[in-house]
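Notes follow the structure.
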Amino acid sequence: MTETVFYVFAGMAVLSAVLCILQRNPVAAVLWLVSTMLALAGIYVLLGARFIGAIQVLVYAGAVMVLFLFVIMLLNLGHARPDIRGWPTWVVGAALLAVLVANLLVLRRYSPERVALEYSRSVEFADPRLVFPEARPSLAAADTNVVHGVAAPMFQTWLVPFEITSVLLLAAIVGAVVLAKRRI
Amino acid sequence: MLLGPSLALSAILFSLGVAGVLLRRNVIVLFMCIELMLNAVNLSFIALAQVHGVGGQVFVFFVMTVAAAEAAVGLAIILAIFRHAETVDLQNINLLRG
């Protein structure tokens, strides 16, 4: 059952992504990208990351995509001319993509057992639960207590990066205002 | 668990994002393809968080923050360029060409 739902969402994500990059109208492209992100949110929930799934819908499908729609509206790009490049780019792009896909699909063979084996360099410790001991309890916590499971490590282990992120956001706000304003 | 299929989906989505960057000339669509690539990376983080602990999910949170900041600044840059050049087509944006 879980697998069926996963493949439905995966097909939806890939199909929407293809339509997004082939769509001439930018507004339609944004809407197809929203569809990709909603499918990805479903996949996150299936993979046990419920809080991140909710954040994906709120922040990505909600806020970021609305920002894109606003800019398209502001620039009045509703009826854009076709902007897909000619066949030489397609040939080069297809060759590059074939290499890239082959390269990335090797990742599919990733298994924690094998990594644990290489990590420990010993046959006895090939159980990933022994090599990565902290994984299981924190994940169980994330599954029963959705927000707490993510918030506890964020405000304990990763507190300093979290604070640095706020500085980054402040810089982004100031930068966006300075860039978009006609006259300061 | 679905670790392998998730990583494969992540690879396909990332490649589609690269394809969009290569094939399109509209700056805004290019930007959306970058968002697509970031999402593909997020998916692989979530998939690996199943095995290696909840830290992957925390990292996705940071990636989302950086993506939001990047979208805000990038779209502001696009607005500034559009005001200057009256176009979002990359072929006509060649200010830095000598």
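Apart from one condition, B:PHE31 fits all of (1) under 25 Å from A:GLU3 (Cα atoms); (2) more than 7 Å from chain A (Cβ to nearest Cβ); (3) at pLDDT 90 or above; the exception is (1).
If the condition is being more than 9 Å from every other protein chain (Cβ to nearest Cβ) and not in a helix (DSSP H, G or I), then segment B:82-97 contributes B:GLU86, B:THR87, B:ILE93, B:ASN94, B:LEU95, B:LEU96, B:ARG97. Close contacts from segment A:161-182, counting a first residue that is under 15 Å from B:ALA68 (Cα atoms) and among the β-branched types (Val, Ile, Thr) and a second that is modelled with pLDDT under 95 and part of a helix (DSSP H, G or I), with Cβ to Cβ under 8 Å and a gap of 6+ residues or different chains, come to A:THR165/B:PHE62; A:THR165/B:THR65; A:THR165/B:VAL66; A:ILE173/B:ALA72; A:VAL177/B:ALA76.
Residue count for segment A:91-121 under the criterion of being over 16 Å from B:LEU48 (Cβ atoms) and at pLDDT below 75: the result is 3. Scanning segment A:85-102 for residues that are more than 9 Å from every other protein chain (Cβ to nearest Cβ) and outside any helix (DSSP H, G or I) yields a single hit, A:GLY86. Scanning segment B:52-81 for residues that are more than 16 Å from the chain's Cα centre (by Cα), closer than 27 Å to B:LEU3 by Cα, in a helix (DSSP H, G or I) and within 7 Å of another protein chain (Cβ to nearest Cβ) yields B:HIS52, B:GLY55, B:GLN57, B:VAL58. Pairs are defined by a Cβ separation below 6 Å, a sequence spacing of at least 6 or placement on different chains, a first member in segment A:27-49 that is within 10 Å of chain B (Cβ to nearest Cβ), and a second member that is charged (D, E, K, R) and not in a loop (DSSP other than H, G, I, E, B); the pairs so defined are A:GLY48/A:ASP143. Every listed requirement among (1) free of Cβ contacts under 8 Å to residues at least 12 places away in the same chain; (2) in contact with a Leu (Cβ under 7 Å, 6 or more places away or on another chain) is met by A:VAL101 save one, (2). Go through segment B:17-51 and give me each residue that's part of a helix (DSSP H, G or I) and farther than 21 Å from A:ILE55 by Cα. Once the filter is applied, which keeps residues that are part of a helix (DSSP H, G or I) and farther than 21 Å from A:ILE55 by Cα, segment B:17-51 yields B:GLY17, B:VAL18, B:ALA19, B:GLY20, B:VAL21, B:LEU22, B:LEU23, B:VAL27, B:ILE28, B:VAL29, B:LEU30, B:VAL51.
Within segment B:78-88, identify whether any single residue is under 27 Å from A:THR165 (Cα atoms) and touching a Ser or Thr at 6+ places or on another chain (Cβ under 7 Å), and answer yes or no. Checking segment B:78-88: not a single residue is under 27 Å from A:THR165 (Cα atoms) and touching a Ser or Thr at 6+ places or on another chain (Cβ under 7 Å). Checking the condition surrounded by fewer than 16 Cβ atoms within 10 Å (Cβ to Cβ) and in a helix (DSSP H, G or I), which residue from A:VAL14, A:VAL66, A:VAL71 passes? Exactly one of A:VAL14, A:VAL66, A:VAL71 is surrounded by fewer than 16 Cβ atoms within 10 Å (Cβ to Cβ) and in a helix (DSSP H, G or I), namely A:VAL66.
With the structure loaded, tell me whether B:VAL51 is buried (at least 17 other Cβ atoms within 10 Å of the Cβ) and in contact (Cβ under 8 Å) with a residue 40 or more places away in the chain or whether it fails that test. It is true that B:VAL51 is buried (at least 17 other Cβ atoms within 10 Å of the Cβ) and in contact (Cβ under 8 Å) with a residue 40 or more places away in the chain. Annotation for segment A:122-131: at least one member residue is at the interface with chain B (Cβ under 7 Å from one of its Cβ atoms), in contact with a Pro (Cβ under 8 Å, 6 or more places away or on another chain), at pLDDT below 70 and within 24 Å of A:ALA49 (Cβ to Cβ). All conditions in (1) facing chain B (nearest Cβ under 7 Å); (2) over 24 Å from B:GLY55 (Cα atoms); (3) crowded, with 19+ Cβ neighbours inside 10 Å hold for A:ILE55, with the sole exception of (2).
The values are calculated or read from the model by the stated rules, or taken from the named source; none is laboratory data. Every value quoted in this text rests on a predicted model; they were computed, and no experiment measured them. Cβ sites come from the backbone with ideal geometry, for glycine too, and all protein chains shown count toward neighbours.
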